[in-house]
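The values are calculated or read from the model by the stated rules, or taken from the named source; none is laboratory data. None of these values were measured; they are calculated from a predicted model. Every residue, glycine among them, receives a Cβ derived from its backbone with ideal geometry; neighbour counts consider all protein chains shown. Please note that ligands, DNA and RNA were not included when accessible areas were found on the heavy atoms of the full protein model with its side chains. Shrake-Rupley method; radii C 1.70, N 1.55, O 1.52, S 1.80 Å.
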Amino acid sequence: GRPGEAVTAYDHVVEAFSDAGEASLRAQVVKALFNKGNALMELGRDDEALAEFDRVVRDYGSESLALQDVASALGNKAVLLCQSGCKPEALEACREVRRLAAGLPDEAVRAHLELVTGVEQRCREPVT
């Protein structure tokens with residue numbers, strides 16, 4: 001894909017619908033923010049990606065329609081934090097994913113738990 005162009009497209013979705021009251025539109029904003037974070041990760045703009053994942057959690061963490069995207073954002077945040085050496089924060093994000101996973105469908109739970117288990121293992125490995 002073209003992550004730079006994707007970031008611009010996601011910004012347009014967020015700008016157009018971030019104040020929408022309709023749940024389905026708000027869910028699309030959450031997906032756009034999450035996908036923008038992924039595109040920023042792909043571009044190596046990890047600090048900006050972390051900011052987008054934090055925004056998903058902060059602004060939409062209590063919305064049931066967004067639960068899977070919030071858990072995904074936290075999982076990706078954990079990956080970035082672990083890679084950057086912020087292991088306590090990464091492990092905290094993993095704990096939050098595990099808490100949220102209780103409300104997700106089985107197939108989503110498995111994917112999220114596989115991700116955080118891998119992050120937890122990498123974060124607990126001794127530095128050589």
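Miscellaneous remarks
- Expressed per residue, the C-alpha convex hull volume of the chain stands at 106 Å³.
- Split the accessible area of the chain by element, probe 1.4 Å, and carbon with sulfur accounts for 50%.
- Overall shape of the stretch 65-120 was characterised from the C-alpha gyration tensor. The equivalent ellipsoid obtained from it has semi-axes of 19, 10, 8 Å, in decreasing order.
- Solvent exposure of the chain as accessible area per residue, Å², 1.4 Å probe: 56 Å²
- Between the Cα long axis of helix 3-17 and the first principal axis of the chain there is an angle of about 50°, rounded to the nearest 10.
- In the chain, helical runs assigned H by DSSP with n ≥ 4 each contribute -39500 (n - 2.57); averaged across all residues and rounded to the nearest 500, the mean residue ellipticity at 222 nm is -26500 deg cm²/dmol.
- Within straight-line cross-link reach of K87, aspartates and glutamates at Cα separation under 15 Å, skipping those fewer than 8 residues along the same chain: E96, E120, E125
- Dipole-positive endmost among F17, A27, C82 within the stretch 1-115 (Cβ charges, Cα centre): C82
- Taking the Cα centre of the chain as origin and assigning +1 to Lys and Arg Cβ atoms and -1 to Asp and Glu Cβ atoms, the resulting dipole is close to 360 debye.
- The phi torsions of the stretch 94-103, fed into the Karplus equation with coefficients 6.51, -1.76 and 1.60 and a -60° offset, translate into couplings of 4, 4, 5, 4, 4, 5, 5, 4, 4, x Hz, rounded to whole numbers, with Gly and Pro shown as x.
- When the alpha carbon gyration tensor of the stretch 52-93 is reduced to an equivalent ellipsoid, its three semi-axes come out at 20, 8, 8 angstrom, largest first.
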